[in-house]
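Asker: Pasting a structure below so you can have a look.
The values are calculated or read from the model by the stated rules, or taken from the named source; none is laboratory data. For clarity, every value in this text was computed on a predicted model and none was experimentally measured. Neighbour counts run over all protein chains shown; Cβ positions are idealised from the backbone, glycine included.
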Amino acid sequence: MFRRLLACALGLTLLGAHRPLTIFDLADAVGKPAPPVTLALDGGSSLTIAALRGKPTYVFLFASWCEPCTLAMPFVRADYAQFGDRVRFVGVDVMDEPDAAHAAIAKDALPFPVAIYPIDTLDATIAPIAQLQAGAKYQIPTEFLLDADGVVRFAWHGLAVDANGTPKDVLPGYLAQLGIQ
């Protein structure tokens, strides 16, 4: 049965069938305009990534159970404090159950919009085996930086660390490449 499903999925891919976009598809758009991914914000409204134009946008993908995400969170908060007036920040709780995501968002009290992209939504769109085989694309934390025109300029996956394995903040360096100090 699994082989038939896999063959069917591969066949649809080869025939050009399109699946719904996920927030992780920003990774395939580096150097291109952001795809029209729509996110459900924690408060119930929606946000379309492709519509985020006018100022650079930083997108941070995390989950409540992800220790590297927790280690990255102080950098995200510090970067928001330093650049939040010039850069739009969007958080996306991914790979959590909705209740866990709501609880994590409330606990973290991030000062910018946070969307929820539940694990069951991702799994219904991209088979878990395909996620595992995709390498870093579905690894978290994942971060994206879009320029003011909505073009995905940078994508980085996993916790950035220095040569000693100490977590480091790479967003300021990417922002400098966009002319933001």
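Here is a yes/no grid of residues against (1) more than 20 Å from residue 158 (Cβ to Cβ); (2) surrounded by 19 or more Cβ atoms within 10 Å (Cβ to Cβ); (3) in contact (Cβ under 8 Å) with a residue 40 or more places away in the chain:
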{"position": "55", "(1), (2), (3)": "yes, no, yes"}
{"position": "61", "(1), (2), (3)": "no, yes, yes"}
{"position": "65", "(1), (2), (3)": "no, no, no"}
{"position": "70", "(1), (2), (3)": "no, no, no"}
{"position": "75", "(1), (2), (3)": "no, yes, yes"}
{"position": "92", "(1), (2), (3)": "no, yes, yes"}
{"position": "98", "(1), (2), (3)": "yes, no, no"}
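Residue-by-condition table, conditions (1) among the hydroxyl-bearing types (Ser, Thr, Tyr); (2) closer than 27 Å to residue 119 by Cα; (3) in contact with an Asp or Glu (Cβ under 9 Å, 6 or more places away or on another chain):
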| position | (1), (2), (3) |
| --- | --- |
| 131 | no, yes, yes |
| 138 | yes, yes, no |
| 145 | no, yes, no |
| 151 | no, yes, no |
| 155 | no, yes, yes |
| 160 | no, yes, yes |
| 164 | no, no, no |
| 172 | no, no, yes |
| 178 | no, no, yes |
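Asker: Shifting gears a bit: Filter segment 33-58 for residues that are under 13 Å from residue 147 (Cβ atoms) and in a strand (DSSP E or B); which is nearest to the chain's Cα centre (by Cα)?
Answerer: 58
Asker: Please pick out the residue among 81, 51 that is more than 20 Å from residue 156 (Cα to Cα) and either crowded, with 22+ Cβ neighbours inside 10 Å or without any contact (Cβ under 8 Å) to a residue 12 or more places away in the chain (or both).
Answerer: Details: 51 fails: either crowded, with 22+ Cβ neighbours inside 10 Å or without any contact (Cβ under 8 Å) to a residue 12 or more places away in the chain (or both).
One residue alone meets the criteria, 81.
Asker: Which members of segment 34-44 meet the condition of being surrounded by 14 or more Cβ atoms within 10 Å (Cβ to Cβ) and either closer than 22 Å to residue 134 by Cβ or in contact with a helix residue (DSSP H, G or I) (Cβ under 7 Å, 6 or more places away or on another chain) (or both)? Don't jump to the end; show me each part of the working.
Answerer: Initial filter on segment 34-44 (surrounded by 14 or more Cβ atoms within 10 Å (Cβ to Cβ)): 34-35, 37-42.
Once the filter is applied, which keeps residues that are surrounded by 14 or more Cβ atoms within 10 Å (Cβ to Cβ) and either closer than 22 Å to residue 134 by Cβ or in contact with a helix residue (DSSP H, G or I) (Cβ under 7 Å, 6 or more places away or on another chain) (or both), segment 34-44 yields 34, 35, 37, 38, 39, 42.
Asker: Right, here's the next one. What helices (runs of 4 or more DSSP H) lie completely within segment 97-159 and have 2 or more residues being modelled with pLDDT under 90 and out of contact with any strand residue (DSSP E or B) (no Cβ under 7 Å at 6 or more places or on another chain)? Even if it seems obvious, please write down each step before you answer.
Answerer: Working: elements: 98-108, 119-125, 128-133.
In segment 97-159, 98-108, 119-125 are the helices (runs of 4 or more DSSP H) which contain 2 or more residues that are modelled with pLDDT under 90 and out of contact with any strand residue (DSSP E or B) (no Cβ under 7 Å at 6 or more places or on another chain).
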